[in-house]
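Notes follow the structure.
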């Protein structure tokens, strides 16, 4: 840099020698901006470097596709930071009334499929709500923002066998990849939700990885080795299937508005047509990496709760929600707006134990524990049950164990006067909603 007239001219010269955007961004992050500006040209150099840093990520060496020209209306919404809200409040209002929070979750998860460095468990959605509440109407409405076949596929009441062999046998589909696609499965059954292929779709470290799964053939006649190329974002709905703890870790569990006010809104709903330019823009969005700058990451790490093991995965999901919002705006580096909107949608998608529907016997157990001020033993709960005569004490113990796995109740050993111990049960603070999940706003 010594042959250049000023320090910043030397920096720009070194910067321009680099081949790829990735190298240039790494170089930018290591630049020392403390030296004084010596002349007007230095200010322009700094501005030029900063503009590059905010540009969409384009890796010339790896030939990542360049974004196509954007329609003026969409570009204006992007520049004003209002594109996401426009899609949620204006475009989706044409196909589904109300349920704003659920709209936000589904839309951001659909956009998240184009974040290259995402986790396979971040953008799967299980819409868990009673029959006739509009769950599939909402999912279909969100999917109208994207081209069918190019972006999403739907299979109604699919069997676990059919799921095993989707895109697995045809020679015509040798190049088929799930990555970047949405797999929509309405009214999913428990067997399909807990299927081995489903677990493969929603686990791992890389959404683009190719993996193999051994599937036991019917009547135990050997196994089939299935190659799974990439991982889709799975959208599914159910009124009856209760997700296990494992599934809760891999899906965003979302409910809908069941109020009379929402029913009245549905009565009045007329609908409209999705803007074709918006559909084209969202469908043609390419897959790109997005990074969260250190100052925002440090803020997230400081403020994210750490008292549950599940938060290790939830934190990664929060990262991906922020990246998805940034990806919509073609930002390679997430900013404060991406964090604040991403964390709001993440909180909407965050399923507490109290959000999970319960079986009748479990409802009765939680009712008793809610009414009692003190923790109760299994025998005390059994005596209080309205339908106690229908359930053995063994059954009560089994349900208590399941409720504890779901973080609905917690147990502890209590020492009695006689010197021996008994197990007592009480509702968790999370289930009683004493500690709702919150995250602070980030300000520059």
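Please treat every number below as a calculation from the coordinates, not as lab data. Predicted, not measured: the structure shown is a model, and the values here were computed from it. Every residue, glycine as well, gets a Cβ built from its backbone with ideal geometry; the counts of neighbours run over all protein chains shown.
Pull out the extension gain between residue 18 and residue 377, defined as 0.36 nm times the separation in residues minus the alpha carbon to alpha carbon distance; nm, one decimal.
Here the answer is 122.4 nm.
Assign one of three labels to segment 72-351, namely rounded, prolate or oblate, based on the Cα gyration tensor with a ≥ b ≥ c the square roots of its eigenvalues; rounded applies when a/c is under 1.5, prolate when it is not and a/b is larger than b/c, and oblate otherwise.
The shape class here is rounded.
Looking only at segment 72-351, where both bridge partners belong to it, what percent of the DSSP beta bridges are antiparallel (to the nearest 5)?
30
Expected output is a single nm value to one decimal: the length gained when fully extending between residue 392 and residue 404, i.e. 0.36 nm times separation in residues minus the C-alpha distance. What is it?
Stretched fully, the residue 392-residue 404 segment lengthens by 2.5 nm.
Run the numbers for residue 70 and residue 310: contour at 0.36 nm per residue of separation, minus the present Cα-Cα distance, in nm.
82.4 nm
Sorted by average packing, counted as other Cβ atoms within 10 angstrom per residue and highest first, what order do 315-327, 7-19, 88-100, 110-122 take?
Packing proxy ranking, top to bottom: 315-327, 110-122, 88-100, 7-19.
Is the shape of segment 217-345 best called rounded, prolate or oblate, per the rule: a/c under 1.5 gives rounded, else a/b larger than b/c gives prolate, else oblate, with a ≥ b ≥ c the square roots of the Cα gyration tensor eigenvalues?
Rounded, because the longest to shortest axis ratio a/c is under 1.5.
If you take the square roots of the eigenvalues of the alpha-carbon gyration tensor of segment 237-313 and sort them as a ≥ b ≥ c, do you get rounded (a/c under 1.5), prolate (a/b over b/c) or oblate?
Cα axes put segment 237-313 in the oblate bin.
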